[in-house]
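Derivation of every value follows stated rules applied to the coordinates shown; laboratory data play no part. In this text, all values refer to a predicted model and were calculated from it rather than measured experimentally. Cβ coordinates were reconstructed from backbone atoms using ideal geometry, including for glycine residues, and neighbour counts include every protein chain displayed.
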Amino acid sequence: MQPRRLRLSSDDAFFILLRAREFDDVIDLTDLVADEPASIAAPGEDDEMEAELAAAIGALDDDALTDLVALVWIGRGDFLAGEWAQARRAAVELGRERAPGYVAGLPMVSDYLEQGLSTFGHTLAHYVETH
């Protein structure tokens, strides 16, 4: 059963998704050009970007944060969309303090979030088109 509405706003969800994608791109490029990471990201830029991402996630209220974590897990395949209530309960157990660092530190989190959002009819293409 899908939720009637997400408590995580699409603006917050896609802001976090896009910031996570930027962070993933910096990490991927830095890994590909290991001898010249400074040409891709300034020293410490990836740490700064991860901190900004974690701060944006941490600024969410409890319900929105719970939805975010549950969406990531649904997108990753840990839960099915029909297991929304179970995914949310597990997200609550993760805890408010751990969740921002956990989500920000997940490799490919932007892909997981995009997939999770799409299971509820929210697409990045539509968001970009309308904003």
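Note the full-extension length gain between Q115 and S9 as 0.36 nm times their separation in residues minus their Cα-Cα distance, in nm to one decimal.
36.6 nm
Net charge around F79, counting only other residues with Cβ within less than 14 Å of its Cβ (Lys, Arg = +1; Asp, Glu = -1)?
My count for the surroundings of F79 gives -1.
With Cβ to Cβ distances under 12 Å as the rule, what net charge do the other residues near A56 carry (K, R +1; D, E -1)?
Overall, the nearby charge balance is -4.
G116: net charge of surrounding residues, Cβ under 11 Å, Lys/Arg +1, Asp/Glu -1, itself excluded?
-3
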